[in-house]
1. So in the range 88-110, with the set limited to residues that are at pLDDT below 95 and among the acidic types (Asp, Glu), which one is nearest to residue 129 (Cα to Cα)?
2. Go through the range 59-102 and count every residue that is out of contact with any helix residue (DSSP H, G or I) (no Cβ under 9 Å at 6 or more places or on another chain), surrounded by 17 or more Cβ atoms within 10 Å (Cβ to Cβ) and either of a type in the set (S, T, N, Q) or farther than 17 Å from residue 30 by Cα (or both).
3. Can you name the residue in the range 344-370 that is at pLDDT 90 or above, in contact with a strand residue (DSSP E or B) (Cβ under 8 Å, 6 or more places away or on another chain) and in a loop (DSSP other than H, G, I, E, B) and is also farthest from residue 401 (Cα to Cα) among such residues?
4. Being out of contact with any strand residue (DSSP E or B) (no Cβ under 9 Å at 6 or more places or on another chain) and among the small types (Gly, Ala, Ser) is the filter here, so list the residues in the range 306-343 that pass it.
5. Of all the residues that make up the range 41-53, how many are in contact with a helix residue (DSSP H, G or I) (Cβ under 8 Å, 6 or more places away or on another chain) and either more than 30 Å from residue 91 (Cα to Cα) or in a helix (DSSP H, G or I) (or both)?
6. Among the residues of the range 308-335, write down those that are outside any helix (DSSP H, G or I) and either buried (at least 17 other Cβ atoms within 10 Å of the Cβ) or not small (Gly, Ala, Ser) (or both).
7. Please work out which one of (1) modelled with pLDDT under 95; (2) within 30 Å of residue 195 (Cβ to Cβ) is the condition residue 250 fails and give its number.
8. Restricting the search to the range 129-145, which residues are farther than 20 Å from residue 201 by Cα and out of contact with any Lys or Arg (no Cβ under 9 Å at 6 or more places or on another chain)?
Amino acid sequence: MSPARSSLLLLLVFPVALTAQTCTTPDLTAPLQQLKAVQSKLLAFKLHDEMDESVPPPLQSQIGALKDAFATLADAAVTCTSENVDPKSLETTLAKLVDANNPEVQEVYDPKKPPQLDQIYGNDLRVKVSRPQSEPQVLLVEFNFGIDCGFDSMLLAYEQRSGAWEQVLRWQSTLYDSVGDAFGDFFNYAVLPGEDSNHWKLAVAHGAPWCTSRWSSFGLDLIQPTSRGAWPKVLEHINHEFVRFEVEPSLKPVPEGFQLRLQTGMIDMDVMTRIGIYRYRVTGTHMERVQPIAINGRDFVDEWLQSPWTDAARWSAAVRSAELKQVHEKIAALTDPNAKERPLLTFGPVRGCTDAKPHYQVELDEEWVEDKGNSRPDSPTYFQIEEGKNSFTMLSATARADPHCTRPDIMARH
C-alpha cells in the first residue's frame, strides 16, 4: 500500500463532563490495569519480517483497544484535577503510571544477533500534556506508542465548562491494515484562538510511517471541538508528499492562522529536496494558503509549479494570468507520473536583473534523453519573478531569457 494514500480519519468524541469531585487522588487502579493488559498483548505480537508493514485484523483490534484504554485513563486522571492544573505535573503523573517518556535506547548493530521481532507494537510509550497560552481553559493530552517502522498517536482535548473538565475532542486514525495509515512519523498540532464568538480550532499534522523509503506523505487538518453532545467538525483537509528524516517538521500558530514547515521534494531530481512552507490564513471555517511558500526564488518557482493553479494564480501577475496558466499546465503534464514520456527537469542559473532590484530570473531546463530513438532539442523556460516582503510574484514565463538578467548565478551548484 502506498504511503501517499490519504489516511482515513476517525473522530471519536465522548463529550462527557468530568464532574468535579472532592477528591485529591483519583483511583486509577482499574483503568491502569486494563491498559497494561492490552499493552501486554501488543508487546507479545511477533513480526514475521522486521519490515512488515501489514497489520493483521487481531492486531488492529488490539491497537484500537490500547487507544480506548489511554482515553479511559486520561479521563479518570483529569477528573480530579483543578481548574488551575499544572500540565507538567499531570504529564509526570501519567508518565510514571504507564512507564512512559523513558530515554531512548541506542541499539548497537550486531550481525550475529537475529533481529528483534517482538516487543515492537505497544512499546516506547510517550505522553505529553500541554495547555495553550491562547486558550488556557483547554488541556491537551497526547499519547503515542511504537509500531513497526514508527509510532502511532492520539490526542485528547479537554475544556473547562461549567466548572468541570469535559472531553471535547479525540483525534486518532481509523483501524488500519498498513502502518502507513497510522498517525505517526511526526505528530504536531497547534490551538488557534477563537475569532469573536467562534470557538477555538485545532490545526494538526501527521506523517505516514513507512519501512522502505524516506519519501512519504502527510495529512494536515483543521478541526473544531464539539459542543456538548455534538461531533467535532473537520473543516479542511489536505494530503501532500514530504521527505522524512532530513528536517524535523514543525507546526506553529502565526498571525491569522498557522504554519507547517518540513522537507519536501522538488521537480529537479538533481537537487531532489527543499524546505516546504505551508502557511494558512484561517477565516471562520476556511483556511487559505498564503505566502511565504518558499525560502528563495528557485524554491518559489518549484512550489508554484507543483501547486494547484487555484493557488498559483494568486501568486501570479494578473496581466499574464492566461499565459502563465498555459505554462503551469504544460509542466504539470510533463511531470505527470502517468505521462508516456517525461523529460529530466533541472533548474539552471538564478540571476538578478538590472531593470529592478527585486527582479530575478529562474531558468528551468527540459532535457529529453530519448524520444523513441530520436533526439529532441532541450527547451529551457525562463521564469521572471519579483521579490516582496516574505513573498514572491510570478511575472512571466517565456522561452527566451530577459536581456536585463545577466548577473552572476546566485545559486550556482558546487
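1. Among those that are at pLDDT below 95 and among the acidic types (Asp, Glu), it is 104.
2. Total meeting the criteria: 3.
3. Taking the range 344-370 and keeping what is at pLDDT 90 or above, we get 344-355, 358-366.
After this cut, where a residue has to be in contact with a strand residue (DSSP E or B) (Cβ under 8 Å, 6 or more places away or on another chain) as well, the list is 344-353, 358-366.
So of that shortlist, the ones also in a loop (DSSP other than H, G, I, E, B) come out as 353, 358.
Values: 353: 11, 358: 17 Å.
Checked the range 344-370; the qualifying residue farthest from residue 401 (Cα to Cα) is 358.
4. Result: 313, 318, 321, 322, 332, 333, 339.
5. Looking only at the range 41-53, we keep the residues that are in contact with a helix residue (DSSP H, G or I) (Cβ under 8 Å, 6 or more places away or on another chain), and these are 41-42, 45, 53.
Next, from what is left, pick out any that are either more than 30 Å from residue 91 (Cα to Cα) or in a helix (DSSP H, G or I) (or both): 41-42, 53.
Of the residues in that region, 3 qualify.
6. First pass over the range 308-335, keeping only residues outside any helix (DSSP H, G or I): 308, 316-317, 335.
308, 316, 335 - these are the residues of the range 308-335 that are outside any helix (DSSP H, G or I) and either buried (at least 17 other Cβ atoms within 10 Å of the Cβ) or not small (Gly, Ala, Ser) (or both).
7. All conditions pass for residue 250, except number (1).
8. Matches in the range 129-145: none.
The values are calculated or read from the model by the stated rules, or taken from the named source; none is laboratory data. What you see is a predicted model; the values in this text were computed from it and never measured. In this analysis, Cβ positions are derived from the backbone assuming ideal geometry, glycine residues included, and neighbour counts consider all displayed protein chains.
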